[in-house]
Amino acid sequence: MSYARYVAGRFQHRGESVEDLEQVAYVGLVKAVDNYDPDYRTSFLTYATPMIAGEIKRHFRDTTWDVHVPRRLQELSAALRPAEEALAQNLGRSPTLTELADRLDASSEEIVDALEAAAVYSTASLDVPIAQSDGEGSTLGELLGADDPAYGLVVERETLKPLLAALGDRDKRILLMRFFRGMSQAEIGAELGVSQMQVSRLLTQILGRLRAEVEKNR
């Protein structure tokens, strides 16, 4: 158990309490005891060390990330700093993305993803107060922006502009009277000299064409 605590000590300063790490190390020790076979012709500590360390690494991978990240990215994220330090020492400068990828046998895209993944290892609570000069302030959640529903209207309006411009004069007139002047179908029919049913059919056709064009252009 003292050796398990020693192995756990190598993983300090990663945000987990020493007590939690030691408990995980004991689990790895028990697994090593259960699976050790003297016929392996190796010492128990030689066999137990990777078992204990592996259990601790699995604990970090499975329980300490605030946001779920694929195992491959977790492993790359953990290997980035040692690889960067080793390359910087050998090269005398900061390594490039390609050099890091070659060192870790990964693609450049995976390295970028691993760098982004490192940022979500721990996250801030939205209830954390943002201190002001007087010691008080709003919470982080209160300061976050929200999507403005008007943005969607802008997109729809800009999408419809060229489609409306391409309509014939009568179709434009019908839409103008119905949606901009608020006229009823009966009033539009009287204005155009047609029946209310014809106005309803014309509106359905016009709007149907517009919807089809919008869907096609998305």
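Here, each number is a calculation from the coordinates, and none is a lab measurement. These numbers were taken from a predicted model, which means no experiment stands behind them. Reconstructed Cβ throughout: ideal geometry from the backbone, glycine too, with neighbour counts over all protein chains shown.
In table form, for the structure just shown:
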{"quantity": "Length added when fully stretched, L45-A88, from 0.36 nm per residue minus Cα-Cα", "calculated": "12.1 nm"}
{"quantity": "Phi-based couplings in Hz for the stretch 41-49 (Karplus 6.51, -1.76, 1.60; Gly and Pro marked x)", "calculated": "6, 9, 5, 4, 5, 4, 6, 6, 4"}
{"quantity": "Under 17 Å from the Cα of K31 - lysines, other chains or at least 8 residues apart", "calculated": "K57"}
{"quantity": "Distant-in-sequence amide H partners of T139 (H built 1.01 Å from N, under 5 Å)", "calculated": "I130"}
{"quantity": "D_trans [Stokes-Einstein, Kirkwood Rh over alpha-carbon pairs] for the stretch 161-211, 25 °C, 0.890 mPa s, µm² s⁻¹", "calculated": "224"}
{"quantity": "Segment V154-A186, length gained on full extension (0.36 nm per residue, minus Cα span)", "calculated": "8.4 nm"}
{"quantity": "Alpha-carbon centroids, the stretch 28-49 and the stretch 158-218: separation in whole Å", "calculated": "80"}
{"quantity": "Inter-label distance, nm, simple model (7 Å from Cα along the C-beta direction), T139/V33", "calculated": "4.5"}
